[in-house]
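Notes to accompany the following structure.
Just so it is clear, none of the values below were taken in a lab; they were calculated from the coordinates. Since the structure is predicted, the reported quantities are computational estimates derived from the model, not experimental observations. Here the Cβ is made from the backbone with ideal geometry for all residues, glycine too, and neighbour counts use every protein chain on show.
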Amino acid sequence: MNTKEAITTEVDKGIAALQQARDEVKLKLHLASMDAKDEWNKLEPKILEAEAKAKSAVEGTPHFFGDLLEQIKKFASSLGEGAKDKDEPKTTH
């Protein structure tokens, strides 16, 4: 596999991972607060930017995908933590 094919393969993997993460976050957002939605509105344009960069297959793209995917996973995880807090019964002392 030559360098261009390797980059294209990594770009395709990156796009697929970003799309899956985006879909998971959108599902969780149905239950999220306005603060979480505001944070998502900052992240989502980066995904669109990544998809545009992927089409040009620049060498730094795989690293860019990894960093952005990590940010999205961290955000998605924080959504799950907020939902757990809401579900826990409150105790009074």
May I ask you to compute the full-extension gain from residue 70 to residue 31, defined as 0.36 nm times their residue separation minus their alpha-carbon distance, rounded to one decimal in nm? 11.9 nm
Mean Cβ count within 10 Å, highest first, over the residues of peptides 66-79, 25-38: 66-79, 25-38
